[in-house]
Amino acid sequence: MAQSSAILQGLEASQRQRLQELQKELDSLVGLQSVKKVISEIQAFALIQKYRETLQLACEPIVLHTIFTGNPGTGKTTVARLFSKMLKEIGILQKGHTVEVERADLVAQYIGQTAQKTREVLKQASGGLLFIDEAYSLARGGERDFGKEAIDTLVKAMEDKRDSLVVVLAGYPAPMEQFLAANPGLRSRFPITINFPDYTDIELYKIALGMLEKREYTLTAYAQQELVREIRRLRQGDPATFGNARAIRNMVEKVVRRQAVRLVKKPELTKGELTVITPIDFRGDAL
């Protein structure tokens, strides 16, 4: 989103600067172009509604509860954290923090405890964003499961705290669709859906290089070829279980460990040797 808009002049200088920094951080993420587009649209909508309010014009209610669908490692949690901080700078959320939970954090084992447990989590998230990963697991136990109680408590809080809380439900695309189909009242309360696509091989390659660069490692030309082959090998399995950036992070950490095993045997080391990754470090020949 263009950060020079006159609408932004209504924000304090510190808010504008922080919003620009957050936008740069979002833009720096590899891929996710469709995700960035929707986040930009949400920002624009929220800013315009706030501006219309100052001019005493009719305003649409700002309800930003959102569904994130995508396979593991596609950036859902990272984007949620940035999204919450952006909403704080715009003036939608008071705190802009993110509380990340899953089923075990909301559902108790005994009658009457789930609602209390869920309310405590909602209290922690007040003023920020509540991110519920694998949200469909709340309904996996059927009608007698306490997960339904957590959903009911959540829905009530979304109505009561619509001005101080944003809820994001996240998970695999197919199970999330089934979950929402079984809970029609829940679907209507989440007006926004953002799909996080799997990364392409080129994007995964860029992610791996970025991770290594952050750790101050470089690849030889042959090691770069090994990286390409390793990414292709990792992609050969079931797409639904492939970890995307998460799998790349695990691979990078393994390569760095193998480099350490190779180097630790040497009596003397140069700075260059400490920073260079070779093909051997991908194959594990030194182990």
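The values are calculated or read from the model by the stated rules, or taken from the named source; none is laboratory data. Model, not experiment: these values are computed from the prediction. Here Cβ is always computed from backbone atoms with ideal geometry, including for glycine, and neighbour counts include all displayed protein chains. For accessibility, only protein heavy atoms count, side chains too; no ligands or nucleic acids. Shrake-Rupley method; radii C 1.70, N 1.55, O 1.52, S 1.80 Å.
In table form, for the structure just shown:
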{"item": "Segment 74-138: C-alpha gyration tensor shape, a/c 1.5 cut-off, then a/b vs b/c", "result": "oblate"}
{"item": "Proximal aspartates and glutamates to Lys206, defined as alpha-carbon separation beneath 19 angstrom and excluding residues fewer than eight positions away on the same chain", "result": "Glu25, Asp27, Asp198, Glu216, Glu226, Glu230, Glu253, Asp281"}
{"item": "Percent accessible area from carbon and sulfur atoms, segment 112-223, protein chains only, probe 1.4 Å", "result": "50"}
{"item": "Accessible area (Å², per residue) of the chain, counting only protein heavy atoms and a probe of 1.4 Å", "result": "54"}
{"item": "Interchain or long-range residues, amide H under 5 Å from Phe196's placed H", "result": "Thr69, Gly70"}
{"item": "Probe 1.4 Å - accessible area at Glu102, Å² to nearest ten", "result": "100"}
{"item": "Per-pair calculated FRET efficiency, R0 = 30 Å: Gln224 and Arg140 via Cβ, rounded to 0.05", "result": "0.10"}
{"item": "Three semi-axes of the equivalent ellipsoid, segment 40-98, Cα gyration tensor, whole Å, largest first", "result": "26, 12, 8"}
{"item": "Dimensionless Rg over Rh [the chain; C-alpha; Kirkwood]", "result": "1.05"}
{"item": "Pairwise centroid distance, computed over Cα atoms, of segment 227-287 with segment 80-143, Å", "result": "36"}
{"item": "Part-to-part distance (alpha-carbon centres) for segment 154-201 and segment 16-53, which is given in Å", "result": "19"}
{"item": "Per-residue [θ]222 nm for the chain (sum of -39500 (n - 2.57) over DSSP H runs n ≥ 4, rounded to 500)", "result": "-16500 deg cm²/dmol"}
{"item": "Selected from Leu138, Leu130, Leu55 as most flexible by GNM, with the chain as the system and alpha-carbon contacts under 10 Å", "result": "Leu55"}
{"item": "Fluctuation leader among Pro191, Pro175, Pro267 - the chain, Gaussian network, Cα springs under 10 angstrom", "result": "Pro267"}
{"item": "For segment 146-287, alpha-carbon Rg over 2.2 N^0.38 Å", "result": "1.53"}
